[in-house]
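The values are calculated or read from the model by the stated rules, or taken from the named source; none is laboratory data. Note that the coordinates shown come from a computational prediction; the quantities given were computed from them, not determined experimentally. Virtual Cβ from ideal backbone geometry, glycine too; neighbours counted across all protein chains shown.
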Amino acid sequence: MIRLTRRDFIKIALASLVAGALAKFTFKLPKESGVVRPPGAVIEEEFLKRCIRCGKCISACSTSGSGTLEECGYLDGFSLVGTPKVNPVRAPCEALFGKCEGVLPCVKACPTNALVWVEPHQIKLGSVKWIRENCIAFKKGGCLVCYETCPLDGAISVKEVTAERRGKVVVVRVPEFNSEICIGCGRCVNACPATPKALVLTPKGAKRVIPRE
Amino acid sequence: MSSSQRMSRRDFIKLLVGGTAAVIGVGVMWHLLERSRKPTEVEVLEREVKKNVFVEEGKSLISVVRGKNVKRVVKEAIELLGGLDKLIESGDVVLLKPNVGFSNVDAVTTPETLAAVIEVVKEARPKKIVIAESAVRGRDTTFNFKATGIVEVAEKYDIELIDLKKSKNLVKVKTRGGKLLDKVSTYKEVYDADVIISIPKLKRHVEATTTISLKNMMGILPDSEKGTFHNLGLHQCIADLNTVFKPDLCIVDATQVMTVSGPGRGKMVRADTILASGDPVAVDLIASKILFEIEGLDNPLERALKIPHLRRAAELGVGVIDVDKIKLIEREIS
C-alpha cells in the first residue's frame, strides 16, 4: 500500500490539471454535435438520449443505401462516439433525388426512434461551406463539378468574380451556394475534385425532428 | 538493478518505455514493409484505334435526319452513312455509351433513341452488345439507369447494363500523343470492347460549352480520373482521352435539346433531330452549331469552331474541324 504525502497529492492534482488543460487545447476537441446527422434525426439533445449506438442505421446504409453513414469517433466529441454521421466524402446521402427517396433504410433500421420517418420536404441535413482557397474554379478554372452534380435548381449557381492570376486581374466563374435551397445531400462535396476539398458539409440549418412527447 | 521479487518503480518505468518503443518500432517496420510490397507500376496497355470508316472522297460523313419517329430517324441516319456492316464484324463486342450521367430525363440520352440504336446494331449481328456508363461525380449510375428508363430498354433487348462505378477492373491505357495525359485510367469492360458507339444527348455544358460525343467519353472513366481531368485542364484532357477511346460511331440525340444552361438542367427545346457520324469532332461541331442556332445566337458556326476541346481534339487527329472536309447529308422524314 502506497501512502501519499500531502505534498505528493497536491503535486499529482496540479499535474493532472495542467495535463488536462494541455490536452484540451492541443487536440482542440470539436464542439459537440458539429456532425451531420442522418435524415429523420430528432433534435440533438433527444437524439443522444435515444441513440443506443447499435450501428444498425450504419449497416442499413451500407447495404441498401449509399454508404455515407459512419460512426462518430473521439475527434467528433466524446459523447458522440458510436453515433451515426453523414460523411459525404464516402458517398452522398441518397434520401432525396436518389435511391433512398421514400425508403430511408437508416430510419427503418433504427430501433429506438432516434431516427424517425420524415417526408421528403422535411429533409434538410445541413448546408455546404465553400472554401475559396481550395476551389479549382477560383484558382485556375476548368471545374464547376459541384454545380453540375447538384440535383436542386438554384442551390448552386454560377457567379462571376474577379481574381488575380499570374499578376493579372481576371474574371472567373465560381459556384455560389444558396443555403435556403440546399438540403445538404453532400453530392457536391463528394464530387469536388480539389485536394483538399473546397466544400464541407455542415449541420448548419439542418431540420431536426422535435419529438411529440 | 535489484533482482528482488518485487519490481522497483524504476524497472517498471523502464519496462513500460521499452515496451512502448518496441511496439512503435514493430509498427514502423510493418508500415515500411507494406509500402515496399505495394506494386508501384501497373501495366499500361495499348489500344488500337480504328480509322473513321464513314468517309466519302476523304470527307467525314455526317447525316442529320429530322422527324418525329425516332426509330425510323435513327435507322435512316445510320443508313445514310452506309450502314453498320462496314464497322461491325460478327465476333465484335459493341459497347454502347449513352449519357446517363444524371437521374432526370432531360439530362440523359432518351431511352427511345437508345432502343432505336440497339435495333440497328442488333441487325449487324455482333457477338455481344453492352451498355456502360459511369455517372457524373456524386451521382449513382444504377439509380440513374432506373430513374430514366434505361433499365427497361436493356431488359427488353436482353442487353447487359454495366454500372462501371461498381466494377473493380481498372486498367491504364496509353493515349496517342496526349498533351496532358500519357495514359488514362478506365475499366477493363470498356477496354475489351471492339467497337465503341457514343450516344450523347445534345446539351449545353457549364465548363465544356457543349457536351456531345467527345465529352460523353468521360463517362467511361472512374471518378478519380474525372477529378484529374478537372485538376489538369478539362478541354485538353477530353481531347487526350479521345485519342485512344475515340468513338467509332456517334449518334447524337437531339430529339430534345438542353439549351442555355447545363449539363444538369436547362431550357429544353424539341428539335426531333438525330445526327450520326464516325467523326466525333466533326459531328460535335455541327451539333454545337445546331444548338447555338436554337438558342438564337449569332455566328453559330464561328462559336462552335471556338470550342476548345473540339479544336484540341482536331489538333491531335481525333477528327476534322474543317467544314470543307465534312460532307453533310440532311433528310427530313415524316
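Residues in region B:209-262 that are free of Cβ contacts under 8 Å to residues at least 60 places away in the same chain, out of contact with any Asp or Glu (no Cβ under 7 Å at 6 or more places or on another chain) and within 14 Å of chain A (Cβ to nearest Cβ): B:MET218, B:SER224, B:GLU225, B:THR228, B:PHE229, B:HIS230, B:ASN231, B:LEU232, B:GLY233, B:CYS237, B:SER261. Quick one: in region B:201-216, of everything that is basic (Lys, Arg) and assigned to a strand (DSSP E or B), which residue is farthest from B:LEU301 (Cα to Cα)? Only one residue fits best here, namely B:LYS201. Please determine, by comparing only the residues of region B:156-208 that are basic (Lys, Arg) and without any contact (Cβ under 8 Å) to a residue 24 or more places away in the chain, which one is nearest to B:ALA239 (Cα to Cα). Among residues in region B:156-208 that are basic (Lys, Arg) and without any contact (Cβ under 8 Å) to a residue 24 or more places away in the chain, the one nearest to B:ALA239 (Cα to Cα) is B:LYS188. Out of curiosity, is B:ILE78 more than 22 Å from B:LEU170 (Cβ to Cβ) and surrounded by 20 or more Cβ atoms within 10 Å (Cβ to Cβ)? So B:ILE78 passes the test. Scanning region B:101-134 for residues that are within 14 Å of chain A (Cβ to nearest Cβ) and not polar (S, T, N, Q) turns up B:GLY101, B:PHE102, B:VAL105, B:ASP106, B:ALA107, B:VAL108.
Taking the numbered list (1) away from chain A (no Cβ under 14 Å); (2) surrounded by 16 or more Cβ atoms within 10 Å (Cβ to Cβ); (3) small (Gly, Ala, Ser); (4) in contact with a Gly (Cβ under 7 Å, 6 or more places away or on another chain) in turn, B:SER334 passes all entries but (2). For A:GLY167, the test of being within 12 Å of chain B (Cβ to nearest Cβ) and surrounded by fewer than 24 Cβ atoms within 10 Å (Cβ to Cβ) is failed.
Only one of the numbered conditions (1) out of contact with any Leu (no Cβ under 7 Å at 6 or more places or on another chain); (2) surrounded by fewer than 23 Cβ atoms within 10 Å (Cβ to Cβ) is violated by B:VAL195, and that is (1). For region A:85-105, a residue qualifies if it is in contact with a strand residue (DSSP E or B) (Cβ under 7 Å, 6 or more places away or on another chain) and either within 12 Å of another protein chain (Cβ to nearest Cβ) or of a type in the set (D, E, K, R) (or both), and the qualifying residues are A:LYS85, A:PRO88, A:ARG90, A:CYS93.
Go through region B:49-66 residue by residue and tally those that are assigned to a loop (DSSP other than H, G, I, E, B), surrounded by fewer than 19 Cβ atoms within 10 Å (Cβ to Cβ) and touching a residue at least 60 places away in the same chain (Cβ under 8 Å).
5
Set side by side, the residues B:VAL120, B:VAL100, B:VAL108 differ, and just one is assigned by TED's automatic domain parsing to the domain that holds B:ASN69 and either over 18 Å from the mean Cα position of the chain (by Cα) or among the charged types (D, E, K, R) (or both), which is B:VAL120.
Taking the numbered list (1) surrounded by fewer than 23 Cβ atoms within 10 Å (Cβ to Cβ); (2) small (Gly, Ala, Ser); (3) within 14 Å of chain A (Cβ to nearest Cβ) in turn, B:ALA154 passes all entries but (3). Screening the candidates B:LYS59, B:LYS68, B:LYS51 for the property of being touching a strand residue (DSSP E or B) at 6+ places or on another chain (Cβ under 6 Å), closer than 30 Å to B:PRO111 by Cα and either in the same structural domain as B:VAL323 (by TED's automatic domain parsing) or at pLDDT 85 or above (or both) yields one hit, B:LYS68. Taking the conditions (1) away from chain A (no Cβ under 14 Å); (2) modelled with pLDDT of 95 or more in turn, B:LYS166 satisfies each one other than (1). Among the helices (runs of 4 or more DSSP H) confined to region A:116-213, the ones with at least 3 residues that are in contact with a helix residue (DSSP H, G or I) (Cβ under 7 Å, 6 or more places away or on another chain) and modelled with pLDDT of 95 or more are located at A:145-149, A:187-191.
Considering region B:90-182, the qualifying strands (runs of 3 or more DSSP E), each wholly inside and each with 2 or more residues that are closer than 25 Å to B:ARG204 by Cβ, run over B:93-98, B:128-133. Considering B:ILE307, B:ILE329, B:ILE321, the condition of being in contact with a strand residue (DSSP E or B) (Cβ under 9 Å, 6 or more places away or on another chain) and more than 10 Å from B:ILE62 (Cβ to Cβ) is satisfied by B:ILE307 alone. Against the conditions (1) over 30 Å from B:THR209 (Cα atoms); (2) surrounded by fewer than 18 Cβ atoms within 10 Å (Cβ to Cβ); (3) within 14 Å of chain B (Cβ to nearest Cβ), A:GLN122 satisfies every one except (3).
Close Cβ contacts (under 6 Å, 6 or more residues apart or on different chains) running from residues in region B:263-280 that are within 13 Å of chain A (Cβ to nearest Cβ) to residues that are of a type in the set (Lys, Arg) comprise B:PRO263/B:LYS203; B:GLY266/B:ARG204.
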